1. For Met20, what charge total do you get from the other residues with a beta carbon under 13 Å from its beta carbon, if Lys and Arg give +1 and Asp and Glu give -1?
2. With mean projected area of the Cα convex hull in nm² as the read-out, I listed (i) 6.7; (ii) 5.1; (iii) 4.5; which label goes with the value calculated from this structure?
3. What chymotrypsin sites (Phe, Trp or Tyr not before Pro) does the chain have in DSSP loop regions with at most 12 other beta carbons within 10 Å?
4. First select every other residue whose beta carbon is under 15 angstrom from the beta carbon of Asp30; then total the charges, Lys and Arg +1, Asp and Glu -1.
5. May I ask for the angle, rounded to the nearest 10°, between helix 16-26 and the longest principal axis of the chain, with both axes built from Cα atoms and the value confined to 0 to 90°?
6. Estimate the FRET efficiency between Arg51 and Arg21 by the formula 1/(1 + (r/R0)^6), using the beta-carbon distance for r and 30 Å for R0, to the nearest 0.05.
7. Per-residue accessible area for Asp49 at 1.4 Å probe radius, Å² rounded to 10?
8. Ignoring ligands, DNA and RNA, what accessible area per residue does the chain give at 1.4 Å, in Å²?
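The values are calculated or read from the model by the stated rules, or taken from the named source; none is laboratory data. The structure presented is a predicted model; accordingly, all values stated were derived computationally and were not measured. Note that we place each Cβ from the backbone using ideal geometry, even for glycine, and neighbour counts take in every protein chain shown. Ligands, DNA and RNA are stripped out before the accessible areas are found, and what is left, the full protein with its side chains, is counted by its heavy atoms. Shrake-Rupley method; radii C 1.70, N 1.55, O 1.52, S 1.80 Å.
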Amino acid sequence: MAVVTETLQVSGIRCERCVMRLAKTLEGADGLEAANANLVGQVQLFYDDERTTRDALVERLARGGFREQSFV
């Protein structure tokens, strides 16, 4: 098992309730070992890359109303 650590910047986090909603969105995701979010929209994911992918977790976040921000 290889645990990958990834930090994303997401929109949709404005308060503590949003952080709790994000946690509920990710709850039970196969392969997700842990996730931490803060009020500035940074989400740190720890996942088993043999059981899930970054894209699958980002898609799950999107279904919960959170969008990854990309900076070009």
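1. +2
2. The value matching this structure is (iii).
3. Phe71
4. Result for the local shell: -3.
5. It works out to around 30 degrees.
6. Approximately 0.80, to the nearest 0.05.
7. 80
8. 64
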